[in-house]
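The values are calculated or read from the model by the stated rules, or taken from the named source; none is laboratory data. As the structure is a computational prediction, the values presented were derived from the model and not from experiment. Please note: Cβ atoms are built from the backbone with ideal geometry, for glycine as well, and neighbour counts cover all protein chains shown.
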Amino acid sequence: MNIGLFSDSYLPSLDGISYSIEAFRVELEKRGHTVTVFAPSPSIRYKEKSPNIVRFPAVKGLFYDDYLTSMFFPPEALLRIKRKKLDIVHFHTPSQIGLLGAYYALRSHTPLISTYHTDLYEYVSHYPQVLPGTIALSLMSPMITGGGLSDFRKAISSIKPERNIDKWNKKIVMRGITALHNRCDYVIAPSRKIRTQLEGWGTTAPIRILPSGVDPIPTTARATSLFRSKWGLNPDQPVILFVGRLGKEKNIELLIEAYGQVRKQLPEAKLVIVGRHEHQKALQAYSTKHNLDDGVIFTGHIEHDRLGAAYASANVFAFPSRTDTQGLVLHEAANAGLPIVMIDKEITEVVHDKQNGLFARNSAGDMARKLLIILKDSEKQQRYGAASRQFAAEYSASHQAKLLEELYQKTITSHRRAAEMPPAVKP
């Protein structure tokens, strides 16, 4: 197959969408397919990992710091896509390049699939500056999907301002995303949570739950020892680990507060937070306010291929986020053999309550209690860790790519059959 992946997030950007696309690209190419990624031009010098990467000029920070807004001349962009003779289009973001892919597919009658990676419905509460983008999505959806004048009027109506900005923003997201998804042959939801959300919005396209595949991140005993030494972690010191983007939507303040309660019973315990983002300074200030500076360690960004040492240094992985759609770091932690304590039990298939982890309520007290249950029981750590590896192995990159390949083939076949059917005779 000749596959086109369209995304406004891709390497060298450091986020789950980028890692997901790259893992699928590599595995699909191993299976003999040609995969072209259409993405924004990076803001830094970067050596491409494949010759089949099509970049569009982009401006950084138009909506918020980490986001690249692509700029292109549509006729020229469509010509660049047409030359690839794609068998299927798979878009991963409902933004400029993702929408370009959807527009091309619908215009050229190419099979179209979407993966809804980001819970925009929740994100707009934390990042109101994306409002111009959500308005643009709502207005562009009828044009992209070939809707008529009535659809455009509905779009105009949906952006009529309301007093409650958060509610208004969410309504725009819901209507724009649903209109777009309902023109797809398939919509991929990374988790049960997202399938339920999309169905509740009125998505009529078939929805398939297909998490992104994640493989173990290799490390060595020496690398792990160096990591612990660098951050002042004694060999027998209990370590709680969080890995991820330090955004305000990740609920990390709750984890820091929970750690403060853990330390009352385990004074030697440490909380290691790996990642970076604009919210890091606020989190550090929060730690200082609660007199936890000597126990909360902010490592900043660590290259992905070196994260194995961080996971190997921990006793338990904590994940307080309630806005993720899958949480690739949960799979990484499980692959590393870690017990997991998390809040949003609907976002992953790799954590099972009281088998390899514990689900906590959205409260610092309950998260602290669940962390202590694991930290105080070395036998449970071993048992849960072994189960984590078993569950994670079911979602390897190669296995998930095989499932995606099968979905592509099924979509292309059904799309071709539908095109060959004679048009219905109007009564």
What is the residue count in the range 336-352 for residues that are closer than 19 Å to A258 by Cα and either acidic (D, E) or surrounded by fewer than 18 Cβ atoms within 10 Å (Cβ to Cβ) (or both)?
2
Can you tell me which residues in the range 381-401 are assigned to a helix (DSSP H, G or I), over 11 Å from G357 (Cβ atoms) and among the small types (G, A, S)?
A386, A392, A393, A397, S398, A401
Which of the strands (runs of 3 or more DSSP E) contained wholly in the range 272-376 include at least 1 residues that are touching a Leu at 6+ places or on another chain (Cβ under 6 Å)?
296-300, 316-319, 340-342
Single residue of S50, S41, S70 found to be in contact with a helix residue (DSSP H, G or I) (Cβ under 9 Å, 6 or more places away or on another chain) and at pLDDT 90 or above:
S50
Pick out the one residue from Y408, Y384 that is among the hydroxyl-bearing types (S, T, Y) and outside the structural domain of R263 (by TED's automatic domain parsing).
Y408
Quick one: in the range 410-425, of everything that is exposed (fewer than 10 other Cβ atoms within 10 Å of the Cβ) and at pLDDT 80 or above, which residue is farthest from the chain's Cα centre (by Cα)?
E420
Specify the residue that is farthest from Y19 (Cα to Cα); the eligible residues are those in the range 402-427 that are outside any helix (DSSP H, G or I) and of a type outside the set (V, I, T).
P427
Pairs with Cβ under 6 Å, 6+ apart, first in the range 80-94 and on the phi > 0 side of the Ramachandran plot, second in a strand (DSSP E or B) and buried (at least 19 other Cβ atoms within 10 Å of the Cβ)
none
Please give the strands (runs of 3 or more DSSP E) falling wholly within the range 9-105 in which 1 or more residues are outside the structural domain of E406 (by TED's automatic domain parsing).
none
Keeping to the range 318-335, report how many residues are in contact with a Pro (Cβ under 7 Å, 6 or more places away or on another chain) and modelled with pLDDT of 95 or more.
1
D294 meets each of (1) touching a residue at least 12 places away in the same chain (Cβ under 8 Å); (2) farther than 20 Å from M367 by Cβ with one exception, condition (1)
Of the residues in the range 9-25, those that are under 12 Å from the mean Cα position of the chain (by Cα) and either closer than 13 Å to S43 by Cβ or touching a residue at least 12 places away in the same chain (Cβ under 8 Å) (or both) come to S9, Y10, L14, D15, G16, I17, Y19, S20, I21
Could you please let me know if G232 is of a type in the set (G, A, S), over 30 Å from R25 (Cβ atoms), outside any loop (DSSP other than H, G, I, E, B) and assigned by TED's automatic domain parsing to the domain that holds D377?
no
Go over the candidates R263, R245 one by one and state the one that is outside any helix (DSSP H, G or I) and among the charged types (D, E, K, R).
R245
Is one or more of the residues making up the range 176-196 over 20 Å from the mean Cα position of the chain (by Cα), charged (D, E, K, R) and buried (at least 18 other Cβ atoms within 10 Å of the Cβ)?
yes
